[in-house]
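Participant: Have a look at the structure that comes next, please.
The values are calculated or read from the model by the stated rules, or taken from the named source; none is laboratory data. Remember, predicted model here, so these are calculated numbers, not experimental data. Positions of Cβ are backbone-derived with ideal geometry, glycine not excepted, and every protein chain shown enters the neighbour counts. Protein only, heavy atoms only, side chains kept; ligands, DNA and RNA dropped before computing areas. Shrake-Rupley method; radii C 1.70, N 1.55, O 1.52, S 1.80 Å.
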Amino acid sequence: MELLRIEGVTKTIKKRTILDDISMTVNSGEIVGFLGPNGAGKTTTIKMIMGLFSITKGNIYVCGHDVRTDFENAMKNVGGIIENPDLYKRMTGRDNLKYFAAMHGKEAVANIGTAVNMVKMSERIDDKVKSYSLGMRQRVGLAQALLHMPPLLVLDEPTNGLDPIGIKEFRDLLKDLAKNSGVGVFISSHLLSEMEQICTRIYIVDNGVIIGEKSIDELQDQEGDDIQQYVFITDSNEAVYKYFKDLGTNCDISPNGVSLIMKMDEIPEITKTLVGMGIGIYAVNRQHRTLEQDFISITTGTKTQIQ
């Protein structure tokens, strides 16, 4: 089921184009990443989805409801965290949720226990927020966004400031919501490795323009391709580099070894030749093409060398 559709959206502020004709979708059970450098237009997009910024041109639909013309019904279907969640530190987590739930009505109040369980905060929800770690506050913020049980979550840089353990916990939590509750998640970030580990699809934005869309499955599928990038790790990388160069091969040398693109079935014969030259081979590693390499390639227009 399609939960979010952004269709040809442009945002102009004081004659400056912040976003230029962007289009994206999010479906039920998906975690869709919105990846780009700071200032690329990520937060502006999220604020338009949440109705906090007006749309200059184009349309945004949440569960089929136009954010501009059917705002109330659109907002019933979306919950969000923009930057850090605002919580009252002198109140308990539960009291914070009661306060925010009252804005949504009786049904949201009745959902407090369910939301707390979903974010795995049952043991600490009655403690004061001032005693929480940043990760715990993010969990309560997420519970707040889930109070009216929306099918779509929109999150703006939710892991900012979290330590590695907190990031992993938050990542696992979102995966669980998507898989077991069918929640669709639209998440912005500039953290490449995080996006690769959590998302099913990625949109890359730069200077207000969508410049790439990639399914994470594509990265995994590349692992099975016949032609891959390999790194030869030897006791004489300089000699190996010269050998490949003499063959007219496009290769690269670094402290980690010599890398080149080749077919897997070429490795045995090359290895035999190098050993015959008296070169000791420690390993031949196939390189996984990361989202970081794709991101740099797309945003700079250059091919990334393995370092």
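Participant: Would you mind stating whether E194 is open to solvent by 10 Å² or more (accessible area, probe 1.4 Å), at pLDDT below 80 and closer than 22 Å to L152 by Cβ?
Facilitator: yes
Participant: Take the conditions modelled with pLDDT of 95 or more and polar (S, T, N, Q) and apply them to N117. Does it pass?
Facilitator: no
Participant: Could I ask something else about it? How do the pairs read when you match residues in the range 27-46 that are without any contact (Cβ under 8 Å) to a residue 60 or more places away in the chain and of a type in the set (G, A, S) with residues anywhere that are buried (at least 18 other Cβ atoms within 10 Å of the Cβ) and assigned to a loop (DSSP other than H, G, I, E, B), using Cβ under 6 Å and keeping only pairs 6 or more apart or on different chains?
Facilitator: Here the result reads none, with nothing in the range 27-46 linked to a residue that is buried (at least 18 other Cβ atoms within 10 Å of the Cβ) and assigned to a loop (DSSP other than H, G, I, E, B).
Participant: Let me ask something else about it. Taking the range 48-67 only, how many residues are crowded, with 19+ Cβ neighbours inside 10 Å and among the acidic types (D, E)?
Facilitator: Adding up the residues that qualify gives 0.
Participant: Looking only at the range 85-139, which residues are assigned to a helix (DSSP H, G or I), open to solvent by 60 Å² or more (accessible area, probe 1.4 Å) and closer than 20 Å to R171 by Cβ?
Facilitator: N117, R137, listed by residue number.
Participant: Suppose we filter T25, T45, T12 for residues that are buried (at least 23 other Cβ atoms within 10 Å of the Cβ) and either of a type outside the set (D, E) or over 27 Å from P151 (Cβ atoms) (or both); which single one remains?
Facilitator: T45
Participant: Let me ask something else. Is it the case that some residue within the range 237-250 is modelled with pLDDT of 80 or more, over 28 Å from Q197 (Cα atoms) and assigned to a strand (DSSP E or B)?
Facilitator: No, the range 237-250 contains no residue that is modelled with pLDDT of 80 or more, over 28 Å from Q197 (Cα atoms) and assigned to a strand (DSSP E or B).
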